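Every number here is computed from the coordinates shown, using simple stated rules; none is lab data. Predicted model only: the values in this text are computed from it and were never measured. Cβ: placed from backbone, ideal geometry, glycine included. Neighbour counts: every protein chain shown.
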Amino acid sequence: MKVIVDLCVVPLGVGVSVSKYVAMCQNILEDAGLKIRLHAYGTNIEGEYDQVFAAIRRCHEEIHAAGAPRISTTIKLGSRVDREQTMVDKLKSVEAKLEE
């Protein structure tokens, strides 16, 4: 099943800046072959359910291994079975309505 996920991973106990850990997670998601789009407070991910969640697990494992004692993660997940829909499709739909 294909899913679109909005992921926000926040390492705790590592100081104020977390960009190093965000970059680590981005690399993991890219290496997993997922379609991703970084935004100011997280990352949108598109892919197969098991592949997406395996990559999220790896993000947690790698961030812990890099010294973060705690991680707080927020996940919003959407799936459709009536038709395929991509992140780009969703954005184009809204953009078209804004042009009307």
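The table that follows gives values for the structure above.
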read-out	value
Unit charges on C-beta of K, R, D, E only; dipole of the chain, Debye	260 debye
By average C-beta atoms within 10 angstrom, highest first, the peptides 23-31, 76-84	23-31, 76-84
Choice from K35, K90, K20 with maximal GNM fluctuation in the chain (Cα, 10 Å cutoff)	K90
For the range 2-99, projected area of the alpha-carbon convex hull averaged over all directions, nm²	6.9 nm²
In order through the range 4-10: 3J(HN,Hα) via Karplus (6.51 cos²θ - 1.76 cosθ + 1.60), integer Hz, x for Gly, Pro	10, 10, 10, 10, 10, 9, 10
